[in-house]
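Chemist: One structure, as structure tokens, below. Some questions next.
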Amino acid sequence: MPVLFGVLWPLQRLNTGLLAAGRVIAVTLLALMVCFILGQVFFRYVLNDAPRWTEEAARFGMLWMTGLMAPVAYRQGGFVAIDMVERALPRIAAGILTLVLLSLSLWVLCIMWDRGLNNHVVSLSGRGTMPSMRLPLDWFGGESIKFKNQWMFASLFVGVTLLILVNIELILRQIITLLGGAARLTPLGDQTVMAE
């Protein structure tokens with residue numbers, strides 16, 4: 001069991017740091033997304049002409065917000081779960097079932113990781129650009145650069161990468177729990193999320 005803790009603790013610290021940074025970025029993106037949407041509504045209905053880039057910027061923010069917050073929710077048990085079978089089983093059988101389900105989730109996440117990278121980020125569609133969103137480098141004497149689709153599609157790849165790291169952490173925690181080391185595990189995140 002010391003080997004499992006030796007792997008778990010650095011991974012747990014890494015996940016805690018990455019997910020904390022991701023949460024800050026996601027909250028910032030959410031605030032920007034709301035501003036872009038409100039600005040679009042204002043310009044469309046008051047001035048009868050909304051900037052085209054606001055819709056793309058809101059979509060960009062939404063995808064990145066989802067990619068960064070899904071691992072946080074997964075780690076804290078915030079996803080919807082049907083746990084009738086788990087509750088009906090004895091503790092050991094329920095723990096083994098949870099371990100099997102986490103392993104299946106890891107397999108699916110690895111397939112999604114490959115699809116996120118090869119079908120979106122480095123594919124032909126990823127090499128395209130967004131129609132109206134640009135980095136305004138011309139404000140600083142440079143040339144404006146169109147946003148690349150890769151920058152938007154990378155949210156899937158980054159989100160699934162973080163989900164894989166969280167999933168591995170949850171698998172290690174479940175193995176430690178099955179081996180009787182649950183008392184030595186530190187609680188994850190906001191326990192009120194899991195209690196509801």
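The values are calculated or read from the model by the stated rules, or taken from the named source; none is laboratory data. Note that the coordinates shown come from a computational prediction; the quantities given were computed from them, not determined experimentally. FYI the Cβ positions are ideal-geometry reconstructions off the backbone, even for glycines, and counts take in every protein chain you see.
Chemist: Can you pull out every residue in segment 43-62 that is closer than 10 Å to M33 by Cβ and among the hydrophobic types (A, V, I, L, M, F, W, C)?
Modeler: Residues satisfying the conditions are A57, A58, F60, M62.
Chemist: Give A50, A81 a once-over and let me know the one that is free of Cβ contacts under 8 Å to residues at least 60 places away in the same chain and under 26 Å from F153 (Cα atoms).
Modeler: Only one candidate qualifies: A50.
Chemist: Still on this model: Restricting the first residue to segment 53-68 and requiring it to be in contact (Cβ under 8 Å) with a residue 40 or more places away in the chain and closer than 20 Å to L18 by Cβ, which pairs with a second residue that is crowded, with 21+ Cβ neighbours inside 10 Å and of a type in the set (S, T, Y) meet a Cβ separation below 6 Å and a spacing of at least six or different chains?
Modeler: Final answer for the pair search is L63/S155; W64/S155; G67/S155.
Residue-wise test of (1) loosely packed, with under 14 Cβ neighbours inside 10 Å; (2) modelled with pLDDT of 85 or more; (3) not in a helix (DSSP H, G or I); (4) not hydroxyl-bearing (S, T, Y).
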site	(1), (2), (3), (4)
T98	no, yes, no, no
V108	yes, yes, no, yes
N118	yes, no, no, yes
P131	yes, no, yes, yes
E143	yes, no, yes, yes
Q150	no, no, no, yes
L156	no, yes, no, yes
L170	no, yes, no, yes
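Chemist: Something else about it: Kindly indicate whether any position in segment 24-42 is in contact with a strand residue (DSSP E or B) (Cβ under 6 Å, 6 or more places away or on another chain), at pLDDT below 90 and surrounded by 14 or more Cβ atoms within 10 Å (Cβ to Cβ).
Modeler: Among the residues of segment 24-42, not one is in contact with a strand residue (DSSP E or B) (Cβ under 6 Å, 6 or more places away or on another chain), at pLDDT below 90 and surrounded by 14 or more Cβ atoms within 10 Å (Cβ to Cβ), which makes the answer no.
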